[in-house]
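See below for the structure under consideration.
The values are calculated or read from the model by the stated rules, or taken from the named source; none is laboratory data. These figures come from a predicted structure and were not determined experimentally. Here the Cβ positions follow ideal geometry from the backbone for every residue, glycine too, while neighbour counts run over all protein chains shown. Protein only, heavy atoms only, side chains kept; ligands, DNA and RNA dropped before computing areas. Shrake-Rupley method; radii C 1.70, N 1.55, O 1.52, S 1.80 Å.
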Amino acid sequence: MEEDAIQQSEEGLLPVTLVLGGTRSGKSRFAESLILAHGDGTYVATAEARDDEMTARIQHHKDLRGAAWHTIDAPLDLADALVTAETIGRPLLVDCLTLWLSNLMEAERDIGRETDALASALASLTIPIVMVSNEVGQGIVPANALARQFRDHAGELNQTMAAQADRVFFVTAGLPAQLK
């Protein structure tokens, strides 16, 4: 099925693609494959190495990606990073929107304003972009207010990005299903 999804895009990447899925669903690998089917890409990373475990995770992901990717770190100012990354001229991969959202919440940024800035940046891009985001709203209602707030913001962010996307995939167990 992944090959079918990639084959459908071989004529060219659409302007905006959103790839959703749960943790360890294979969504990042699938998103990377969409870009690599068309050449090298620019990886816009939102994770921050705040401890040894996360540092090792980030390095492992960089090692797996290899030299085909140029990486830009954008833990907070994602909209600005996309505009800057566009000048490189390669398709963009943002991984991931929910880590970016966590960073925004911790920094006490205005989520609505940041989401609007991201949507505006997407509309202005002249190169294709694939965005990855976790779908967190399919589980139980979180027990604490902060987790519920995160879940609600993530759902709103995903809906906004899906509405703007030309194509949306949902990945489960490494299998992508096209939703839009």
> Only one residue in ALA49, ALA67, ALA31, ALA107 is surrounded by 13 or more Cβ atoms within 10 Å (Cβ to Cβ) and without any contact (Cβ under 8 Å) to a residue 40 or more places away in the chain. Which one?
Replying inline: ALA49
> So how many residues does the stretch 73-86 have that are in contact with a strand residue (DSSP E or B) (Cβ under 9 Å, 6 or more places away or on another chain) and buried (at least 16 other Cβ atoms within 10 Å of the Cβ)?
Replying inline: 7
> Got a number for residues in the stretch 110-137 being out of contact with any strand residue (DSSP E or B) (no Cβ under 6 Å at 6 or more places or on another chain), of a type outside the set (A, V, I, L, M, F, W, C) and open to solvent by less than 60 Å² (accessible area, probe 1.4 Å)?
Replying inline: 6
> Is there any pair linking a residue in the stretch 75-104 that is within 26 Å of GLY12 (Cβ to Cβ) to one that is crowded, with 19+ Cβ neighbours inside 10 Å and among the charged types (D, E, K, R), with Cβ under 7 Å and at least six apart or on different chains, and which?
Replying inline: LEU93/GLU32
> Pairs, please: C-beta under 8 Å, at least 6 apart or cross-chain, first residue of a type in the set (Ser, Thr, Tyr) and in the stretch 153-177, second buried (at least 19 other Cβ atoms within 10 Å of the Cβ) and in a strand (DSSP E or B)?
Replying inline: THR172/GLY21
> Among THR46, THR17, which is touching a Cys at 6+ places or on another chain (Cβ under 7 Å) and modelled with pLDDT of 95 or more?
Replying inline: THR46
> Can you name the residue in the stretch 42-72 that is in contact with a strand residue (DSSP E or B) (Cβ under 6 Å, 6 or more places away or on another chain) and not polar (S, T, N, Q) and is also farthest from GLU108 (Cα to Cα) among such residues?
Replying inline: TRP69
> Could you list, in sequence order, the residues of the stretch 138-165 that are loosely packed, with under 13 Cβ neighbours inside 10 Å and assigned to a loop (DSSP other than H, G, I, E, B)?
Replying inline: GLN138, GLY139, ILE140, VAL141, ALA143, ASN144
